[in-house]
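These notes are about the structure you will find just below.
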Amino acid sequence: MTTVPHTDTAQPPRPRRPFPLGRLFAYLGLALIILISLFPIWIVLKTALTPTRALFTEAASLWPSEPTLINFRRVLGLVTLEEAQAAGGSGSAVNFLNAMRNSLIFTGLIVVGQTFFSAMAAYAFARLRFPGRDVIFTLFLIAMMIPGIVLFIPNFITIRNLGWLNTIPGMVAPFVLMTPFAVFFLRQFFLSLPRETEEAAVIDGAGPFTIFWRITLPMSQGPLATLAILTAIGMWNEFFWPFLIAKDEASYTLPVALQVFRTQTPQGVPDWTGLMAGTFVAAVPVFLLLVFLGRRVVESLAFSGTK
Amino acid sequence: MTAPVQTESVALPARAPTKRRSPGWLAGYLFILPAIVGFAVFYLYPALRGLQISFTDWNLLSQPRDVGLANYQEVVRDPKFWSALWITVKYVLWNIPLQTVLALILAVAMDRLVKSMFVKGLLIVPYLLSNVIVAMIFLWMLDPLLGIVNQWLDLTPLGKQPFFTSAEQAIPTIALVNVWKHVGFNALLFYAGLQAIPRTVYEAAAIDGSSEWTTFRRITLPLLRPVTVFVLVTSVIGSFQIFDTVAVTTQGGPADATKVLVYYIYQNAFSFFRMGYATAMSMVLFAILIVFTLVQMRLLRANESDLE
């Protein structure tokens, strides 16, 4: 996380008690909430570092007495079956490295495709005139209200009929070309861009594609990055659709792989140390996103609600 | 990406001016082509197809058989549907008020106490995790035997709690898990809304000697209404569609106590292969969501602003 220095600018005058006891309690409350926000993530890491045989004895402690990386190596498929079983694994394995690769491809394709194609459409809705434009745009807006399950059942049938079950095309198809939200989000921004630069380019003889590529996209890096971040978070975490389409282990994404890994031991005690190692591995990319793009991620999320 | 804008002129074909149409219309269609394909195939067609499937009896293998309104009649008569709807409503009633009130308090605290982007970043960490991961984490922490929460509760007079494994506690537990996930994000939305309120309004209130609570109730809350509407409408729509957490933690159990509507729809579609019945129920859910959204917008007077 990029630590941003406190910029404690003077607060505007507000009625304030002479004794700042209330403020102290407020800070304590806030600290408690932050602690509650982060505590479960520490427990994940602590459990992942605990040897399976110590799971019973150290269940209540906050610190692994003999930290080990065996669980991480286990879920990443870096140890032999015998070693994994010796370390307390069930022997059943889900290949998390492969799932990580699938998740990266799934998310990457959708982020790039959806952002670019939605930007193209948003540009047309904001700047070009063509018959039916407003009707089509209104249809997009209505579509934002449809709940996922309404679309997922017929879409599942479409993908099945195309023979795309268990394939990357089948997994990305519903998202890669557009979402109504993405088009709407970018159109609102494109509308606010000044027209002067574009008009100058038109006089120079530039066509719509040149203007879009050379002017609109470079001027919109902020909103494009915002949309890309929102899409990346949403798709990295998407469960339902890959869960329907990827029934074959080779095509699991991380959320699906985790769920399968969990259900592999329906009876008895689940492989908690392995599960928590897998959970942590699956969360690392979003942590990295936050660490490297901290301010941008926070602003993107805030912006998504108040545009 | 700061490529200088190239000014080389692209020669227009000579016939361009002869066409009286606005020059962009063909380009317009080319630009929306990918999006239109995506929209037509994965939004428009499935919405209409779903409506059509909902009037049939279809197990995915045989030919769909038209049954008219029979699926919808069955929905109305199906006690499991009503039970699933009621469980969903219970979930929403646990989830939404807690999440919204906590987020609002947190947002005001952020506004008054911290400016640090770092702290805001910490608060949204749970939101960045997938529902599956979040469910997995709490499944472990609340495990009846080894979970740290129960290990600690065992030391108190309360004793161990069943959480996900009890019919009474499962829905509140799932709701609390999702409050944990979403509260920081919703607080961030409220916080962004608070930033938009002009500081002069507060200064005026301070001069009038208005107390903190009065200022909050008479100024902050009303002026925050556009954000509140957004947060409530989107989180209610989202809550009604709860699925991931249930699929990972309880799978509808114990004794159907967490069989929420989308989980029941999912079971009908992909376990019992009753596509017609499942889509009919999802259409009913769609109708419920539209009614809910309109009622909320009306109650919260979404289109009016108290500024100006």
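The values are calculated or read from the model by the stated rules, or taken from the named source; none is laboratory data. Not measured: the values here are computed from a predicted model. Methodologically, a virtual Cβ is constructed for each residue, glycine included, from the backbone with ideal geometry; neighbour enumeration extends over all protein chains shown. For accessibility, only protein heavy atoms count, side chains too; no ligands or nucleic acids. Shrake-Rupley method; radii C 1.70, N 1.55, O 1.52, S 1.80 Å.
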- For region A:124-130, 3J(HN,Hα) per residue [Karplus equation, 6.51 cos²θ - 1.76 cosθ + 1.60, θ = phi - 60°, Hz, x = Gly/Pro]: 4, 5, 8, 10, 9, 10, 7
- Item | Sum of -39500 (n - 2.57) over DSSP H runs of 4+, divided by residues of chain B (222 nm, nearest 500) | -19500 deg cm²/dmol
- Note on the structure: Rounded to one decimal in nm, the spacing of the 7 Å Cα→Cβ label points at B:Gln296 and A:Val284 is 3.7
- Query: What accessible area, summed over both chains, is buried at the B-A interface (1.4 Å probe, Å², nearest 100)?
  - Reply: 9800
- Item | Candidates A:Ile70, A:Ile159, A:Ile203, ranked by Gaussian network fluctuation over chain A, Cα under 10 Å, top entry | A:Ile203
- Message: For chain A, set up a GNM with springs between Cα atoms under 10 Å and report which of A:Leu97, A:Leu230, A:Leu62 has the largest fluctuation.
- Response: A:Leu62
- Note on the structure: With Cα springs under 10 Å, the Gaussian network model of chain A assigns the largest mean-square fluctuation among A:Ser61, A:Ser118, A:Ser103 to A:Ser61
- Query: By the gyration tensor of its Cα atoms, with a ≥ b ≥ c the square roots of the eigenvalues, what is the shape of chain A: rounded for a/c under 1.5, prolate for a/b over b/c, or oblate?
  - Reply: oblate
- region B:219-308 shape via C-alpha gyration tensor axes, a/c threshold 1.5: prolate
- Output the relative contact order of region B:33-114, whole-number percent, from Cα pairs under 8 angstrom with separation of 6+ residues. 13
- Note on the structure: Regression test value, accessible area per residue of region A:157-215, probe 1.4 Å, units Å², expected 45
- Tell me which residues come under 5 Å, amide H to amide H, from B:Thr56 once H is placed; ignore anything under 5 positions away on its chain. B:Val67
- Query: Rounded, prolate or oblate: which one fits chain B, using the alpha carbon gyration tensor with axes a ≥ b ≥ c (rounded when a/c is under 1.5, else prolate when a/b beats b/c, else oblate)?
  - Reply: oblate
- Threshold 30 Å² - residues in region B:235-259 whose accessible area is reduced by that much or more when the chain is no longer isolated, probe 1.4 Å: B:Gln241, B:Phe243, B:Asp244, B:Val248, B:Gln251
- Query: If one computes P(r) from the Cα atoms of region A:160-280, what percent of pairs lie at distances over 16 Å?
  - Reply: 72
- Message: Greater than 27 Å separation of Cα atoms is the criterion. Which listed pairs, A:Lys247/B:Lys259; A:Lys247/B:Lys160; B:Lys80/B:Lys160; A:Lys247/B:Lys90, meet it?
- Response: A:Lys247/B:Lys160; B:Lys80/B:Lys160; A:Lys247/B:Lys90
- Task: Only Cα pairs under 8 Å and at least 6 apart count here; give the relative contact order of region A:114-260 as a rounded whole percent.
- Result: 36
- Could you check how much of the accessible area of region B:116-178 is carbon and sulfur, as a whole percent, using a 1.4 Å probe? 68
- When only C-alpha pairs under 8 Å and at least 6 residues apart count, what is the relative contact order of chain B, in percent? 27
- Message: So with the 1.4 Å probe, I'd like the accessible area per residue for region B:75-177, rounded to whole Å².
- Response: 39
